[in-house]
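K.L.:
This structure is in structure tokens; I'll ask about it shortly.
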Amino acid sequence: MGIDIEFPTKLQTVGRTSHGDGEHFHFIWGTGKNDGEAFSDANVKAAYEARGEEQVPLGIHGTMVAVDWDSCVAAGSCMSVCPVQTFQWYRTEQDIPAKDVLNATFAGTGKTEQDERLDYTDKSMPIREHDCTNCLACQEICPTHAITINQPYQEFHEKAAGTFVKLVGSSENPHAHH
């Protein structure tokens, strides 16, 4: 299905996932949608049923490295191609329902190999969003188009965090003739 590239202007942050280093975190955008690929994927549905967990909309995790958890089917392709281990299987660090990741802290010690997911309820968490090199390999290989890489979205991350600082002179019209 793919992520609406305008998601930071259309959705609100509903929380965040903090990195245990005390410095980094990534936002969770929107309350999600129940028509993403994860809701029709047989492996994912069976895994939720086996756990006795309700499958609920989860939203977009990350801003510059945005992973739509409602479209993520735990293929792990992103992990197989990422040169800097931006992603981890969240359940391999904390085996909790995905909805409980909201406002939780993760140390970044989860598994990072394609086939190391706990089961198909696991999700690719952009725990090291700050390390992304913008190579786009994960975005290109994801079978459900659940990842969007957009480094200029750092501005939306900073605005949501209240840390955005407008550079002096950036308000000038670049097309104005002097």
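Just so you know, all these numbers are worked out from the coordinates, no wet-lab data involved. Just so it is clear, the structure is predicted and the values come from calculations on it, not from any experiment. Positions of Cβ are backbone-derived with ideal geometry, glycine not excepted, and every protein chain shown enters the neighbour counts.
K.L.:
Say R0 is 35 Å: what FRET efficiency, to the nearest 0.05, do Q154 and D100 get from their beta-carbon distance?
P.N.:
FRET efficiency, Q154 to D100: 0.80.
K.L.:
Here's something else I'd like to know. Can you list the residues, at least 5 places off or on another chain, whose amide H is less than 5 Å from the amide H of S124, using H built in the peptide plane?
P.N.:
Under 5 Å from the amide H of S124 lie the amide H atoms of A74, each far enough along the sequence or on another chain.
K.L.:
Scan (1) 66, 33, 29; (2) 36, 36, 35; (3) 73, 40, 26 for the value of Cα extents along the principal axes in Å calculated from this model and give just the label.
P.N.:
(1)
K.L.:
A further question follows. Go ahead and estimate [θ] at 222 nm for the chain from helices alone: -39,500 (n - 2.57) per DSSP H run with n ≥ 4, summed, over the residue count, rounded to 500.
P.N.:
That comes out to -4000 deg cm²/dmol.
K.L.:
Report the FRET efficiency, 1/(1 + (r/R0)^6), for I5 and A137, where r is their Cβ-Cβ distance and R0 is 22 Å, rounded to 0.05.
P.N.:
With R0 = 22 Å, the Cβ-Cβ based efficiency is 0.75.
K.L.:
Which loop GluC sites (Glu not before Pro) in the range 1-92, with loop taken from DSSP, have no more than 16 other Cβ atoms within 10 angstrom of their Cβ?
P.N.:
Counting only loop positions with at most 16 other Cβ atoms within 10 Å, the GluC sites (Glu not before Pro) in the range 1-92 are E6, E23, E53, E54.
K.L.:
Straight-line reach from K99: which aspartates and glutamates fall under 15 Å, measuring Cα to Cα and dropping same-chain residues less than 8 apart?
P.N.:
The reachable aspartates and glutamates, counting only those whose Cα sits under 15 Å from K99, are E53, E54, D68, D70, D122.
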